[in-house]
Amino acid sequence: MNDKTGSRAHWSFWAIGAVALVWNVMGALNFFMQMNVDALARMPETQRAIIESRPAWATAAFAVVVFCGVIGCLLLLLKKTAAYYLFLASLLGVVVQIIPYLGASRSAFAGSPLMISMYIIVPLAVAAFLAWYAKRAERKGWMNLPQRQ
């Protein structure tokens, strides 16, 4: 839809955008904690081993995931169609980021299915959903609405 035929965003647009922003800000905080030597030293040994053994390219992908996610959420809440492209970059970053975990043995995650899902399944699902949702919001005419005068 173009700017002249756009409709008001549904209340769920704001709820999803706000929850997604909180999710991505938590991811950014997690990234900063993992980059902080003191915070890393206080983490459980299993988690610290996973983080310390992660290749630099996977850490860079993690940065892309969380920072494109945060900026994408802000742009989504500002109704900017560029949010979709940032969510696509975030999704691509998730795919690259999980590559080292795909070959990890279950023992690397302390045998916990919850830990496996937190590292692989949940971020992939959230990133894919946000890219889809931004495109859906654009198709519904909720993005780049004209300013009221």
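The values are calculated or read from the model by the stated rules, or taken from the named source; none is laboratory data. Since the structure is predicted, the reported quantities are computational estimates derived from the model, not experimental observations. Note that we place each Cβ from the backbone using ideal geometry, even for glycine, and neighbour counts take in every protein chain shown.
If you go through region 21-57 and pick out every residue that is within 21 Å of the chain's Cα centre (by Cα), outside any helix (DSSP H, G or I) and either surrounded by 15 or more Cβ atoms within 10 Å (Cβ to Cβ) or not polar (S, T, N, Q) (or both), you end up with 2. Assessment of region 4-14 against the conditions (of a type outside the set (A, V, I, L, M, F, W, C) and more than 23 Å from PHE87 (Cα to Cα)) yields at least one matching residue. Against the conditions (1) in contact (Cβ under 8 Å) with a residue 40 or more places away in the chain; (2) part of a helix (DSSP H, G or I), ILE71 satisfies every one except (1). Per the listing ALA28, ALA20, ALA89, ALA110, the residue uniquely out of contact with any Gly (no Cβ under 7 Å at 6 or more places or on another chain) and either farther than 25 Å from TYR133 by Cα or modelled with pLDDT under 95 (or both) is ALA110. Only one of the numbered conditions (1) buried (at least 18 other Cβ atoms within 10 Å of the Cβ); (2) touching a residue at least 24 places away in the same chain (Cβ under 8 Å) is not met by LEU86, and that is (2).
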